[in-house]
Amino acid sequence: MKFLYIILLLTMSSVAFCHGANDTLRLTLQQVVELAKANSIAAKQAATVRETKYWEYRTYKSNYQPQLAVSGFLPNYQKTFSQVFQPDGTILFQPIHNDNSSLQLDFSQSITATGGTIFGTTQLQRFNDFDRHNVLYNGIPYGIAYAQPLFQFNKLKWDKKIEPLKYNESKQTYIEDLENIAVTVEGYFFDLLLAQVNLHIAETNLTNTEKIMGIANTKFELGKVSKNDILQLRLELINAKKAVGTAKRDIEIATLTLRSYIGQESDSKIVLMVPENISQMSVTPDKVLAEAFANRSAAIGFLRRMAEAKRDVAKAKGETGLTATLNANLGFSNTATNIPGVYKNPQNQQVLQVQLSVPILDWGRSKSRTKTAMANQQLTEYTVEQDKQNFQQQIVTQVSLFNVMKEQLVYTAEADSIASEKYQIARERYVLGDLSITDLGIAFRENDQAKRDYITSLRDFWGAYYQLRYLSLYDFENNHKITYQ
């Protein structure tokens, strides 16, 4: 009950601070977090990066889809002189006046399993000799070809393993970026909240000190308090006025920082509600670790980095020793004086070739590349294993910190309640003349510090909570994975 009373008291104090303002914007911690995720520059940057990664992934996917393209020269007109070598070795410049237009339709499809590519083509060429009034047509009604690298690195096969990991990693990174925004704005939220609480404390202390000063002056006139007590109260009064000014300055700075980050452009005052704690929430290291390895981009990154290291070894091996490419072409071609003639009784054409490359002497270059790639793979395995351990340790430490902050919040709430009650008793005793000004000042400062400690404890608690969300991408308050559209 005391804990709830403290929350209610601080909330009412914050509301009272801006009472009477028609343009006051009252926000909870959750509302501030949502505003930051929707409007902050960091959120827009994260969305832009996500879109970039999406289109990169679409580009990768297109490599496995059929490709269809039209090319040609329409027109290809020439009127010039060109050198022509004669049988006796001399050169004559002959006039050229023609149009040599062509149009070609090409189809291609990559074969992931083998790394090869199958091609299809059809082509039509029209040659018009204006000087001789001669028109010829040449064409390939249809042709099909296949190119197959032999003993070489299959990039398509490895991309199919790695690119989906990279894309999934980017999607989880986007969620992490938004959760990191929550971690950041939570700090700005409590900077302003603490400034507002400090202002309320300072104004309350100023009012109370003025009242006590009036009572003390009366007692001084009656000879019941010393001059030293009056001087001490005057000093307390000056300090209270200074505290009000300092708190107002801190509010202006914290408000500007928070307003800028969450993209709130109006001039309305911002009043923050003291957040409730969720101390009943249970968090265990095993649960957080399980969610982190299932959701975090770093966990996907562990798999991606290992796959990339293996790919580099395969690439180094594929670029050493014998490399060859098989090219096969089968189709028909023909020439005629008109278009229908091109497609009438076309002639068979066939091409089969194997292109070879065999290093004879490279002074160990190929072997060095392979050994380097294998050494890098081993290093990556060790690095990933170390990163996994650090990943786990960070999570276990954060869970322990969260549980400690949860306990500390209960203690500081109770301490705040006790200090507040103690201060009220001290004031009454001083009025009755049963307490020295020194003891009253001690109770005064203890009460102020207890309230600040409670807000600080709230800050630590919520900071630890949002850090847990960031590390696991899991909402432990509502028990579900964190996702964004």
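The values are calculated or read from the model by the stated rules, or taken from the named source; none is laboratory data. None of the values given here were measured: they were computed from a predicted structure. FYI the Cβ positions are ideal-geometry reconstructions off the backbone, even for glycines, and counts take in every protein chain you see. The accessibility values were calculated without ligands, DNA or RNA, using every heavy atom of the protein model including side chains. Shrake-Rupley method; radii C 1.70, N 1.55, O 1.52, S 1.80 Å.
Using a Förster distance of 22 angstrom, determine the FRET efficiency expected from the C-beta separation of Gln30 and Asn403, and round it to 0.05.
Values: r = 22 Å, r/R0 = 1.00.
Working from the Cβ atoms, E equals 0.50.
Using +1 at the C-beta of Lys and Arg and -1 at the C-beta of Asp and Glu, which of Thr90, Leu192, Phe127 has the Cα lying farthest in the positive direction of the dipole of the stretch 75-217?
Thr90
Can you pull out the chymotrypsin sites (Phe, Trp or Tyr not before Pro) in the stretch 337-424 whose DSSP state is coil and whose Cβ has at most 13 other Cβ atoms within 10 Å?
Numbers: sites: Tyr343, Trp363, Tyr382, Phe391, Phe402, Tyr411, Tyr423; in loops: Tyr343, Trp363.
Answer by residue number: Trp363.
Roughly what would the spin-label model give for Leu105 and Lys79, points 7 Å off Cα along C-beta, in nm?
Distance between the two pseudo-spin positions: 3.4 nm.
How large is the dipole of the stretch 316-374 about the Cα centre if only Lys and Arg carry +1 and Asp and Glu carry -1, each at its Cβ, rounded to the nearest 20 debye?
Working: 6 positive and 2 negative charges, 54 e Å.
That gives the stretch 316-374 a dipole magnitude of about 260 debye.
Roughly how many debye, to the nearest 20, is the charge dipole of the chain about its Cα centre, given +1 on each Lys and Arg Cβ, -1 on each Asp and Glu Cβ, and no other charges?
Numbers: 52 positive and 49 negative charges, 222 e Å.
So the dipole magnitude of the chain works out to roughly 1060 debye.
Output the 0 to 90 degree angle, nearest 10, between the alpha-carbon long axis of helix 297-318 and the longest principal axis computed from the alpha carbons of the chain.
The angle comes out near 30 degrees.
With a 1.4 Å probe and every protein chain left in place, work out the accessible area per residue of the stretch 154-276 in Å², rounded to a whole number.
Values: 6040 Å² over 123 residues.
Dividing the accessible area of the stretch 154-276 by its residue count gives 49 Å².
Sum -39500 (n - 2.57) across every DSSP H segment of at least 4 residues in the chain, then divide by the residue count to get the 222 nm mean residue ellipticity, nearest 500.
Values: 10 runs with 292 residues, N = 485.
That comes out to -21500 deg cm²/dmol.
Do the alpha carbons of any pairs in Lys61/Lys166; Lys53/Lys315; Lys161/Lys481 sit beyond 21 Å of each other, and which pairs?
Details: Lys61/Lys166 13 Å; Lys53/Lys315 25 Å; Lys161/Lys481 25 Å.
From the list (Lys61/Lys166; Lys53/Lys315; Lys161/Lys481), the Cα-Cα distance tops 21 Å for Lys53/Lys315; Lys161/Lys481.
Would you indicate which of [x] 65; [y] 36; [z] 47 is the value of percent of Cα pairs over 33 Å apart derived from the coordinates of this structure?
It is the one labelled [x].
Pulled fully out, how much extra length does the chain show between Phe220 and Glu51, if you take 0.36 nm times their separation in residues and subtract their Cα-Cα distance?
Stretched out fully, the Phe220 to Glu51 stretch lengthens by 53.4 nm.
Which residue, Thr284, Gly214, Ala314, has the largest displacement toward the positive end of the dipole of the stretch 177-334 when charges sit on each Cβ (Lys, Arg +1; Asp, Glu -1)?
Ala314
How about the stretch 368-415: which GluC sites (Glu not before Pro) there lie in a loop by DSSP and see at most 10 other Cβ atoms within 10 Å?
Details: sites: Glu381, Glu385, Glu407, Glu414; in loops: none.
Within the stretch 368-415, no GluC sites (Glu not before Pro) qualify (loop, at most 10 other Cβ atoms within 10 Å).
Based on the mean of other Cβ atoms within 10 Å per residue, sort peptides 319-328, 251-260, 60-69 so the most packed one is first. Write down the numbers at each step before the final one.
Details: 319-328: 14.7, 251-260: 16.5, 60-69: 11.9.
Top to bottom by mean Cβ count within 10 Å: 251-260, 319-328, 60-69.
What FRET efficiency, computed as 1/(1 + (r/R0)^6) with R0 = 25 Å and r the Cβ-Cβ distance, is obtained for Gln424 and Thr207, rounded to the nearest 0.05? Spell out each step's value before the answer.
On the way: r = 14 Å, r/R0 = 0.57.
Given R0 = 25 Å and the Cβ-Cβ separation, E is 0.95.
For a Förster distance of 60 Å, can you work out the FRET efficiency between the beta-carbons of Lys227 and Ser268, rounded to the nearest 0.05? Could the numbers behind the result be given before it?
Working: r = 48 Å, r/R0 = 0.80.
With R0 = 60 Å, the Cβ-Cβ based efficiency is 0.80.
Note down the accessible area of Glu308, probe 1.4 Å, to the nearest 10 Å².
40 Å²
For the stretch 154-284, give the magnitude of the charge dipole about the Cα centre (Cβ charges: +1 Lys/Arg, -1 Asp/Glu; no others), in debye to the nearest 20. Spell out each step's value before the answer.
On the way: 17 positive and 18 negative charges, 49 e Å.
Once rounded to the nearest 20, the dipole reads 240 debye.
Please enumerate, by chain and number, the lysines with C-alpha under 17 Å from the C-alpha of Lys422, excluding those fewer than 8 residues away in the same chain.
Of all the lysines, those that pass the test against Lys422 - Cα under 17 Å, at least 8 places apart if same chain - are Lys2, Lys451.
Whenever you get a sec, compute what percent of the accessible area on the chain sits on carbon and sulfur atoms (1.4 Å probe).
Working: 15480 of 27870 Å².
C and S atoms contribute 56 percent here.
Pop a pseudo-label 7 angstrom from the Cα along the beta-carbon direction at both Lys160 and Asn345 and give the gap in nm to one decimal.
In this crude label model, Lys160 to Asn345 measures out at 4.6 nm.
Relative to the present Cα-Cα distance, how much length would full extension add between Glu414 and Asp23 at 0.36 nm per residue of separation? All intermediate terms of the calculation are to be shown ahead of the outcome.
Working: separation 391, 0.36 × 391 = 140.76 nm, distance 3.50 nm.
Computed gain between Glu414 and Asp23 is 137.3 nm.
Label points 7 Å out from Cα along the Cβ direction at Ala113 and Lys248: separation in nm?
8.0 nm
What pairs in Lys287/Lys406; Lys37/Lys160; Lys310/Lys367 have C-alpha atoms more than 27 Å from each other? Don't jump to the answer; show the numbers that get you there.
Numbers: Lys287/Lys406 18 Å; Lys37/Lys160 33 Å; Lys310/Lys367 16 Å.
From Lys287/Lys406; Lys37/Lys160; Lys310/Lys367, over 27 Å: Lys37/Lys160.
Measuring from centroid to centroid over Cα atoms, what is the spacing of the stretch 266-332 and the stretch 42-109 in Å?
The two parts, judged by their Cα centres, are 37 Å apart.
List the trypsin sites (Lys or Arg not before Pro) in the stretch 99-203 that DSSP assigns to loop (not H, G, I, E or B) and whose Cβ has at most 16 other Cβ atoms within 10 Å. Which are they? Walk me through the intermediate numbers first.
Working: sites: Arg126, Arg132, Lys155, Lys157, Lys160, Lys161, Lys166, Lys171; in loops: Arg132.
Sparse-neighbourhood loop trypsin sites (Lys or Arg not before Pro): Arg132.
Students often forget the sequence filter, so: which lysines lie under 22 Å Cα-Cα from Lys219 once same-chain residues fewer than 8 apart are removed?
Lys211, Lys227
Arranged from highest to lowest average of other beta-carbon atoms within 10 Å per residue, in what order do the peptides 143-149, 312-318 appear? Before the final figure, lay out the partial values.
Details: 143-149: 16.4, 312-318: 18.1.
Top to bottom by mean Cβ count within 10 Å: 312-318, 143-149.
Could you point to the residue in Gln31, Trp158, Ala426 farthest towards the positive end of the chain's charge dipole, with +1 and -1 charges on the Cβ of Lys/Arg and Asp/Glu respectively?
Looking along the dipole axis, the top candidate is Trp158.
Using only Cα atoms, find the angle between the long axis of helix 365-431 and the longest principal axis of the chain, and express it within 0 to 90 degrees, rounded to the nearest 10.
With rounding to tens, the tilt is 20 degrees.
Expected output is a single nm value to one decimal: the length gained when fully extending between Glu276 and Ala336, i.e. 0.36 nm times separation in residues minus the C-alpha distance. What is it? Can you show the working numbers first?
Working: separation 60, 0.36 × 60 = 21.60 nm, distance 8.79 nm.
Gain in length upon complete extension: 12.8 nm.
Leaving ligands, DNA and RNA out of it, rank His97, His480, His133 by accessible area with a 1.4 Å probe, largest first. Could the numbers behind the result be given before it?
Details: His97 40, His480 90, His133 165 Å².
Reading off the accessible areas and sorting them downward yields His133, His480, His97.
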